[in-house]
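First comes the structure, then the notes that go with it.
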Amino acid sequence: MKKVFRTSAALLMAATLAGCGSTATPEATTAASTTAAATEAAAENGGITGEFSGTGKGFEGDVTVTLNLKDSALESAEITGDKETPNVGGKAIEKIMAEMNEHHTVNVDSVSGATYTSKGIEEALAAALAAAGMSKSDFPEIEKAAATTIEKETDLLIIGGGGAGLTCGNAALNSGLKNVTILEKMSYTGGATSNAGGIDAGLSKLQEEVGLTGDSVQLIHDDIMASGEGHNEDLVWIMAENQGKTLDWLRDTEKVPFNDRYGSDFPEHTVQRFFVCDGGMSNAMEILTNNFTKKGGDLELETKAEELITDDEGKVIGVVATDADGNTINWKADAVVIATGGYGANAEMISEKKGDLQYAVFYGVKSSMGDGQKMGEKVGAKMLNMGYAKMYPNGISKGEDTIDGYATPMPTLTTVNTTGAFFVNKDSKRFVDETLAFADIKNATTKQPDEIMYIVMDQTGYDTWSEMVSTNTSAVGNISMEQQEEFFNSDSDHPTFARGTLKEAAEKAGLDPEALEAELKKWNETVESGKDAEFGRKALTKFDENSTVYIIEQRLRFATTLGGFDITKNFEAQKEDGTVIPGLYAIGEVTAGCNGTEAIPGSMAAWAVTSGYTCGQYLGEMLAK
């Protein structure tokens, strides 16, 4: 097989594009059939020439690969997938297409973290090659240079390019520090903050601009402290005093377009203080990424920190990292900041911690593997609140394990408010007013067997729910009609999607049919009486007993974890004995204490950017001296 030498170490890819069971698009099939004779003749005269396309199923829609071939060589490739998540799948498409066109081969790697998009490209490529009558073996491989060990230095080394890391890096550069490096193991930045709905920013200029008055540092502090336990009050005060200043900095200095408040009120906020970014938080992260590099910051993508380097006295002086080409890089720095996020995607760490997490669906970013916590523990850092996450109800698993799932809060809330749908536990018993706030539903679910509930719907209820989830624009909330059908037709109970007569649906869902029938009759009697004496639900609609019955699981869900480093008010990592680890700092989700064991809405992303901004200012000024 021919080989092409990889000339640019900056082209950062990771997985293989190989597929099976794919089909070409109608256009590709037509092209293949109508040019079959010409292709055969072309092959005899030196190779296959023409344009060949195929489609595959990406994360949210179809992905198409089009190959422009001349004499069996790749002239150019085009990959499209308009419905893929811009900052993940979209970036994967850009990178894979760029490498195909630079090296004129289909044998390139997919992008780490973009699993579903990569599989879609894999399927589409296989279909396009089939239409051309070729295979991957007909194209050259890209040969990588031999891996080596590299020594590098910087002033401030930040591990993690999410909301905390990006704000820290930009703030440090703004403070006069010249050499700031961010290591990001994925091929894109943003982390969990990209998926956030917005941030809390009490006492910001924007809060006053939109007419939200009466807030104070004390109220912000008290609202945070009122939720959960296990707070580090020093960090809560930092959050209360600086979240507004952070948003002002993001808008005025970094030109991030925060221009409005969130559309709904949150009871956890005494004064509403949740604000949204135009284009979403992924847009905010892209702007901060561009700002960082324009200021001269060094952004090393697909470079994974493996272990911290310490001197003989225990001071952290750097990190050992591995880049996309397999090179080992020994980074030395005056200060190291860990901003690697949580551990929700790490099934092993979740099983170790047990608690509510073992039953919950994780719908966060796949990079949340607990890398920072594990590195910190190896140098003696103390961890707190490791069994806790920001938990919500209305999650649905995607498969046998729950380290991947959907979030369906609004479709479920709408369905129980407007139809005869109701919740039951594994004993087929109602246990809560289904229309309560999410926190109340979550708390009630945690008390049920295996911390799971089921939404029981008639045809009207299911039509409402199904339409809303199939048209949901959220990457984690969309379940297409086709995917719903797959779940209903599957023999697996992960996820539980059951329908049929009451008896058929109950049996498939693992519920007692007689107990469920009794509960349904009890519900309709409650509706007829006009009063839910047991739980106080006000929205009462009769369930159609002659309808097809639909039963769908509703698990606890989380996207961010609350456990991590025990840090000082200067973000220094601490040991069990309360002494600090010199040279080591931590910010964002990788830390514990600011949000305790139960974060209020908007507080996780707010802590990411507030701690990043505050720490970046502090270290930038300190190290620039």
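Go through region 606-625 and give me each residue that's at pLDDT 95 or above, open to solvent by 30 Å² or more (accessible area, probe 1.4 Å) and aliphatic (A, V, I, L, M).
Met622, Leu623
Out of Leu17, Leu69, which single residue is modelled with pLDDT of 95 or more and either open to solvent by less than 20 Å² (accessible area, probe 1.4 Å) or among the β-branched types (Val, Ile, Thr) (or both)? Write out each step before concluding.
On the way: Leu17 fails: modelled with pLDDT of 95 or more.
Only one candidate qualifies: Leu69.
Filter region 305-345 down to the residues that are aliphatic (A, V, I, L, M), under 28 Å from Ala606 (Cα atoms) and assigned to a loop (DSSP other than H, G, I, E, B) and list them by number. Quick ask: steps written out before the conclusion?
Taking region 305-345 and keeping what is aliphatic (A, V, I, L, M), we get 305, 308-309, 316-317, 319-321, 324, 329, 333, 335-339, 345.
Of the ones still in play, those that are also under 28 Å from Ala606 (Cα atoms) are 305, 308, 316, 319, 333, 335-339, 345.
Passing the criteria: Ala339, Ala345.
Check region 324-342 and report whether any residue there is among the acidic types (Asp, Glu), open to solvent by less than 40 Å² (accessible area, probe 1.4 Å) and modelled with pLDDT under 95.
Initial filter on region 324-342 (among the acidic types (Asp, Glu)): 325, 334.
Then drop every residue that is not open to solvent by less than 40 Å² (accessible area, probe 1.4 Å), which leaves 325.
Checking which are modelled with pLDDT under 95 leaves us with 325.
Scanning region 324-342, I find at least one residue that is among the acidic types (Asp, Glu), open to solvent by less than 40 Å² (accessible area, probe 1.4 Å) and modelled with pLDDT under 95, so the answer is yes.
One residue is enough: does region 306-315 have a residue meeting the conditions open to solvent by less than 10 Å² (accessible area, probe 1.4 Å) and of a type outside the set (Phe, Trp, Tyr)?
If we filter region 306-315 for residues that are open to solvent by less than 10 Å² (accessible area, probe 1.4 Å), which is where we start, we get none.
There is no residue in region 306-315 that is open to solvent by less than 10 Å² (accessible area, probe 1.4 Å) and of a type outside the set (Phe, Trp, Tyr).
Please find, within region 86-118, the residue that is farthest from Ile48 (Cα to Cα) out of those that are touching a Gly at 6+ places or on another chain (Cβ under 7 Å) and surrounded by fewer than 24 Cβ atoms within 10 Å (Cβ to Cβ).
Going through region 86-118, the residues touching a Gly at 6+ places or on another chain (Cβ under 7 Å) turn out to be 87-89, 93, 114, 116-117.
Checking the rest, the ones that are also surrounded by fewer than 24 Cβ atoms within 10 Å (Cβ to Cβ) come to 87, 116.
On the way: Asn87: 35, Tyr116: 30 Å.
So, considering only residues that are touching a Gly at 6+ places or on another chain (Cβ under 7 Å) and surrounded by fewer than 24 Cβ atoms within 10 Å (Cβ to Cβ), the one farthest from Ile48 (Cα to Cα) is Asn87.
May I ask you to verify whether Gly176 is surrounded by fewer than 17 Cβ atoms within 10 Å (Cβ to Cβ), over 26 Å from the mean Cα position of the chain (by Cα) and either within 30 Å of Ala333 (Cβ to Cβ) or hydrophobic (A, V, I, L, M, F, W, C) (or both)?
On the way: surrounded by fewer than 17 Cβ atoms within 10 Å (Cβ to Cβ): yes; over 26 Å from the mean Cα position of the chain (by Cα): yes; either within 30 Å of Ala333 (Cβ to Cβ) or hydrophobic (A, V, I, L, M, F, W, C) (or both): yes.
Against the criterion (surrounded by fewer than 17 Cβ atoms within 10 Å (Cβ to Cβ), over 26 Å from the mean Cα position of the chain (by Cα) and either within 30 Å of Ala333 (Cβ to Cβ) or hydrophobic (A, V, I, L, M, F, W, C) (or both)), Gly176 qualifies.
So which of Ala505, Ala515, Ala498 ends up being surrounded by fewer than 19 Cβ atoms within 10 Å (Cβ to Cβ) and at pLDDT 95 or above? It would help to see each step written out before you state the result.
Values: Ala505 fails: surrounded by fewer than 19 Cβ atoms within 10 Å (Cβ to Cβ); Ala498 fails: surrounded by fewer than 19 Cβ atoms within 10 Å (Cβ to Cβ).
Of the residues listed, the single one that is surrounded by fewer than 19 Cβ atoms within 10 Å (Cβ to Cβ) and at pLDDT 95 or above is Ala515.
Given Leu235, Leu299, Leu288, which one is closer than 22 Å to Pro582 by Cα, buried (at least 17 other Cβ atoms within 10 Å of the Cβ) and hydrophobic (A, V, I, L, M, F, W, C)?
Numbers: Leu299 fails: closer than 22 Å to Pro582 by Cα; Leu288 fails: closer than 22 Å to Pro582 by Cα.
Answer to the check: Leu235.
When you go through (1) out of contact with any Pro (no Cβ under 9 Å at 6 or more places or on another chain); (2) modelled with pLDDT of 95 or more one by one for Phe558, which number turns out not to apply?
Exception for Phe558: condition (2).
In region 244-260, is there at least one residue being in contact (Cβ under 8 Å) with a residue 40 or more places away in the chain, acidic (Asp, Glu) and closer than 21 Å to Ala321 by Cβ?
No, there is no match, as no residue in region 244-260 is in contact (Cβ under 8 Å) with a residue 40 or more places away in the chain, acidic (Asp, Glu) and closer than 21 Å to Ala321 by Cβ.
Could you please find all residues in region 141-172 being at pLDDT below 95 and in contact with a strand residue (DSSP E or B) (Cβ under 6 Å, 6 or more places away or on another chain)?
Of everything in region 141-172, those that are at pLDDT below 95 and in contact with a strand residue (DSSP E or B) (Cβ under 6 Å, 6 or more places away or on another chain) turn out to be Glu141, Ile142, Glu143.
Can you tell me which condition Asp491 does not meet? The list is (1) touching a Lys or Arg at 6+ places or on another chain (Cβ under 8 Å); (2) at pLDDT below 95; (3) acidic (Asp, Glu), and all the others hold.
Failed condition: (1).
Could you please find all residues in region 190-210 being open to solvent by 20 Å² or more (accessible area, probe 1.4 Å), assigned to a loop (DSSP other than H, G, I, E, B) and either within 18 Å of Thr560 (Cβ to Cβ) or touching a His at 6+ places or on another chain (Cβ under 8 Å) (or both)?
The initial filter retains those residues of region 190-210 that are open to solvent by 20 Å² or more (accessible area, probe 1.4 Å), namely 191-192, 195-197, 203, 205, 208-210.
Retained after the next criterion (residues that are assigned to a loop (DSSP other than H, G, I, E, B)): 196-197, 203, 210.
Within region 190-210, Ala196, Gly197 meet the criteria.
As an exercise: evaluate Trp465 against (1) open to solvent by 10 Å² or more (accessible area, probe 1.4 Å); (2) at pLDDT 95 or above and give the number of the one condition it does not meet.
(1)
When you go through Glu94, Glu51 one by one, which is the residue that is without any contact (Cβ under 8 Å) to a residue 24 or more places away in the chain and closer than 26 Å to Thr181 by Cα?
Glu94
Within region 592-604, can you find the residues that are buried (at least 24 other Cβ atoms within 10 Å of the Cβ) and within 12 Å of Thr561 (Cα to Cα)?
Ala592, Asn595, Gly596, Ala599, Met604
Restricting attention to region 257-284, which residues are outside any strand (DSSP E or B) and closer than 20 Å to Met239 by Cα? Working first, answer last.
First pass over region 257-284, keeping only residues outside any strand (DSSP E or B): 257, 262-273, 278-284.
Hits for region 257-284 are Tyr262, Phe266, Pro267, Glu268, His269, Thr270, Val271, Gln272, Arg273, Met281, Ala284.
Might you let me know whether region 557-566 holds any residue that is open to solvent by 30 Å² or more (accessible area, probe 1.4 Å) and more than 22 Å from Tyr359 (Cα to Cα)? Walk me through it before giving the result.
Narrowing region 557-566 to residues open to solvent by 30 Å² or more (accessible area, probe 1.4 Å): none.
No, region 557-566 has no match at all.
The values are calculated or read from the model by the stated rules, or taken from the named source; none is laboratory data. On a predicted model such as this, the values are computed, not experimentally measured, just so you know. Here the Cβ is made from the backbone with ideal geometry for all residues, glycine too, and neighbour counts use every protein chain on show. Accessible surface areas use protein heavy atoms only, side chains included; no ligands, DNA or RNA. Shrake-Rupley method; radii C 1.70, N 1.55, O 1.52, S 1.80 Å.
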